[in-house]
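Below is one structure, written out as C-alpha cells; comments come after it.
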Amino acid sequence: MATSFESASSQWILSSQRAADLYSSGAKLWTKIDLRAIEEELAESYTRTSFMLRRFDGTAIHINNPLYGVERPIWRPVVKFQEYWRLVRVKPDTPPETYHCSYLVDWENESQELFDGFIENYEAVFQQKRQLWNDSSTCTLFKTRIRQLLGTDICKVSKVVCFGLGDMTRRPQPWWRYRNSLSDKPETEANCWEDSMMQHCMALTLADVVRHHTAGTSIRLLTQDP
C-alpha cells in the first residue's frame, strides 16, 4: 500500500483558497472597528504585553509585544497591511496562524531618528511656510478649485484623510547635512522638508475650505505623518 503524506505547501494552499472564498463571499479585509482597535493598542504599546490581530475569517490571535516595559525603546510598532493578493498568492514568511491576518504588527527602528533629534524651532518654521503658502497665488487657485468641486452635487465631504504627507520635524539624515555643509550656499535644515511642509499646508487649507462650505458641520482632518 502506497504511503500518503501532506505536501509541504498544503497548509498555505488551503489557507489561500479559504481566503479567496471568504473574499468572494463579501468578507471585509478591514473594518473601522478593527483598525481603531489596533491603533489604540499601538498607542499603548509600551504598557501592553501583547497585541490582538483580528483575522478576516472572524477569528483573532495575539502576538507578544517584545518591548513591553522597555523605558527607552528604539523600535516603534506600526501596522503592516496585507492586501488581498498577499493573502492568496504569496506565501508569507510568518507563522501559519497569521495567514488570514489582513494586517500585522511590524517594527521600525528609530535609533537614527532618536540620535539626530528634531529641527530647531520647527513649529515656528512651519508657521512661516504656512503664511507663505496662504499668501501665494497657488493657494488661491487651489481654494477656488476646491470650492468648484464642493459646489457640485457629486462631491460630499465628511472628512479629509491624507497619507504620506511626509515628516517635517526630524533633522535631515547625516549624508544630507554633510553635503549641505560643503555647499557654497548651504540651506537651513528645515528646507530639507519644504515639500512635506507644503503638503501639510495644503491639507490644512483643504480642511478649512471644506469646513467653511459645510458651516456647522465638524470636518475632521486625519493625517499620517507629523
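For ASP57, the conditions (1) in contact (Cβ under 8 Å) with a residue 24 or more places away in the chain; (2) touching a Phe, Trp or Tyr at 6+ places or on another chain (Cβ under 9 Å) are fulfilled apart from (2).
Applying the set (1) touching a His at 6+ places or on another chain (Cβ under 6 Å); (2) surrounded by fewer than 13 Cβ atoms within 10 Å (Cβ to Cβ) to LEU150 leaves exactly one unmet item: (2). Of everything in the range 117-166 that is in contact with a Cys (Cβ under 6 Å, 6 or more places away or on another chain) and either among the hydrophobic types (A, V, I, L, M, F, W, C) or free of Cβ contacts under 8 Å to residues at least 12 places away in the same chain (or both), the residue that is farthest from THR188 (Cα to Cα) is LEU149.
Anything in the range 37-67 that is part of a loop (DSSP other than H, G, I, E, B) and either in contact with a Gly (Cβ under 7 Å, 6 or more places away or on another chain) or more than 23 Å from PRO96 (Cβ to Cβ) (or both)? List them, or say none. Scanning the range 37-67 gives GLU44, ARG48, LEU67. When LEU182, LEU222, LEU206 are screened for being touching a strand residue (DSSP E or B) at 6+ places or on another chain (Cβ under 8 Å), of a type in the set (A, V, I, L, M, F, W, C) and surrounded by fewer than 16 Cβ atoms within 10 Å (Cβ to Cβ), only LEU222 passes. Of all residues in the range 167-187, exactly one satisfies the criterion of being aliphatic (A, V, I, L, M) and touching a residue at least 24 places away in the same chain (Cβ under 8 Å), namely MET168.
Just so you know, all these numbers are worked out from the coordinates, no wet-lab data involved. Fair warning: this is a prediction, and the values are worked out from it, not measured in the lab. Because the Cβ atoms are built from the backbone with ideal geometry, glycine has one as well, and the counts that use them run over all protein chains shown.
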